[in-house]
Every structure is written in structure tokens, then in C-alpha cells.
Amino acid sequence: DYMAQGVIGGNLINHRLKLGFIHIPKCGGCSVTRYLHKLSNDWESLDPNEKAYAAEPFTDYKDYQLFTTVRHPVTWILSGYKFMKQRYSVEGCFDTHLDRILHNTYNEIDWRWHCAILPNTHIGNFKPKVFKLEETYKLKAWLTRYFHNSIEAKLESENATEKEDITVSGYHLEKIKTIAGKYANDYNYEL
């Protein structure tokens with residue numbers, strides 16, 4: 001049982017239903033994986049130690065229905081900043097974080113994985129069903145075709161970062177538009 005083992009993150013695959021969940025960093029993936037384990041014990045981890053992008057392990061599962069969650073670019077970038085600051089004690093203010101993304105000057109793999117690879121890039125050429133983290137009720141409704149208990153089961157936030165008020169100025173927003181403008185357009189987010 002993955003819940004008992006504490007496996008709450010990473011890609012999941014359900015061979016019985018031919019389903020795959022692509023866990024994109026900082027897009028609520030831990031919350032969704034915990035929720036999926038509530039729906040069924042048939043989920044298995046599909047995460048090799050080395051991969052360039054989140055969706056990559058699904059290359060051999062072309063006939064599986066893949067799905068994922070994305071998040072508003074501003075809250076995605078803020079989550080990455082807080083994650084690196086709180087978990088890894090990365091120095092620098094939010095503006096420095098934006099500059100590191102813009103100029104790719106912080107190359108440690110964990111930082112890059114969580115903060116520099118945009119969600120649409122993590123998806124790559126795959127064509128999953130995409131749900132916005134801000135609209136998880138749509139994910140739950142879609143999952144009713146596979147799980148009778150998807151609406152009743154709670155999908156609770158597993159936010160690992162502490163609350164921190166960060167002001168996003170117009171200056172920051174211009175940098176965010178440069179970083180994530182295409183991503184915002186791809187998923188109809190307004191910046």
C-alpha cells in the first residue's frame with residue numbers, strides 16, 4: 001500500500017485502467033497522488049531515477065490515457081521560490097529567483113527540476129488531459145468515468161511550504177511574462 005509507505009509524489013500508473021498521472025513539480029502533484037491512492041490501490045510509481053522531464057517515463061505507454069495538473073504561472077513560480085528557500089536554504093529574494101530562472105544561472109538539478117522547467121515543457125510532446133490546479137473539481141468529475149468514489153474523496157492540499165507573503169510587483173510580473181508567457185497562453189492563464 002503506497003499510502004502506508006508514504007509514497008505521495010512522482011508519476012503514477014494504473015495498468016488495470018491504462019491510466020497515467022504525470023506529476024509536474026509545484027503543480028499540486030503530491031496532493032493529487034495522495035488523492036489517487038484514496039481512489040484505488042492499483043496505482044504504481046513510474047519514476048526512474050534519471051529523467052529529463054516529468055512525462056518522459058510514459059514513452060512506452062502510448063495507449064494509456066495520461067492526465068496532469070498545471071498551475072497559474074505566478075503561483076507556480078512563487079511555490080518554487082518558497083520551496084527552494086525553505087527546503088534548501090537557497091539565498092536571495094524573489095527578484096533574484098526570477099533572474100536565476102531568466103538567465104539559467106542556478107544549475108543544480110533539483111532547483112532546475114522544480115523551478116526552471118516550466119510545466120508545459122515537462123509535458124513535452126505528450127497529449128495528456130490537462131487540469132488546472134485551481135479547478136480540481138473538473139479533475140474529480142472527469143475521474144468518475146474510472147472511479148465511483150472520485151467526487152466524494154477529498155483532494156486536500158499537501159502544501160509542504162510554509163505560508164509566506166510575497167508581493168509580486170509590476171516589475172516582477174514583467175519578468176514572469178518573459179519567463180512564462182507561452183505557458184500562460186498554452187493553458188489560458190492571464191498574466
Quick one: in region 121-136, of everything that is out of contact with any strand residue (DSSP E or B) (no Cβ under 7 Å at 6 or more places or on another chain) and assigned to a loop (DSSP other than H, G, I, E, B), which residue is modelled with the highest pLDDT?
K127
Condition first: in a helix (DSSP H, G or I) and farther than 28 Å from K182 by Cβ. Now tell me which residues in region 142-157 satisfy that.
L143, T144, R145
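Residues in region 23-64 that are among the aliphatic types (A, V, I, L, M), within 12 Å of the chain's Cα centre (by Cα) and farther than 14 Å from E158 by Cβ: how many? Steps first, please.
So in region 23-64, the residues among the aliphatic types (A, V, I, L, M) come out as 24, 32, 36, 39, 46, 52, 54-55.
Subset that is within 12 Å of the chain's Cα centre (by Cα): 24, 32, 54-55.
In the following step, the residues that additionally are farther than 14 Å from E158 by Cβ were identified as 24, 54-55.
Residues in region 23-64 being among the aliphatic types (A, V, I, L, M), within 12 Å of the chain's Cα centre (by Cα) and farther than 14 Å from E158 by Cβ: 3 in total.
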Of the residues in region 137-174, those that are under 26 Å from M84 (Cβ atoms), modelled with pLDDT of 95 or more and either open to solvent by 70 Å² or more (accessible area, probe 1.4 Å) or among the basic types (K, R) (or both) come to Y171, E174
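On the basis of being touching a residue at least 60 places away in the same chain (Cβ under 8 Å), open to solvent by 40 Å² or more (accessible area, probe 1.4 Å) and either out of contact with any Asp or Glu (no Cβ under 7 Å at 6 or more places or on another chain) or under 22 Å from I151 (Cβ atoms) (or both), does Y53 make the cut?
Against the criterion (touching a residue at least 60 places away in the same chain (Cβ under 8 Å), open to solvent by 40 Å² or more (accessible area, probe 1.4 Å) and either out of contact with any Asp or Glu (no Cβ under 7 Å at 6 or more places or on another chain) or under 22 Å from I151 (Cβ atoms) (or both)), Y53 qualifies.
Do we find that K82 is farther than 17 Å from G9 by Cα, out of contact with any Gly (no Cβ under 8 Å at 6 or more places or on another chain) and open to solvent by 60 Å² or more (accessible area, probe 1.4 Å) in this structure?
Numbers: farther than 17 Å from G9 by Cα: yes; out of contact with any Gly (no Cβ under 8 Å at 6 or more places or on another chain): yes; open to solvent by 60 Å² or more (accessible area, probe 1.4 Å): no.
No: the conditions fail for K82.
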Do you know which residues across region 181-191 are farther than 27 Å from Q65 by Cβ and open to solvent by less than 50 Å² (accessible area, probe 1.4 Å)?
G181
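The values are calculated or read from the model by the stated rules, or taken from the named source; none is laboratory data. Just so you know, these numbers come straight off a predicted model, no measurement behind them. Cβ: placed from backbone, ideal geometry, glycine included. Neighbour counts: every protein chain shown. Just so you know, the surface numbers come from the protein's heavy atoms only, side chains and all, with ligands and any DNA or RNA stripped out. Shrake-Rupley method; radii C 1.70, N 1.55, O 1.52, S 1.80 Å.
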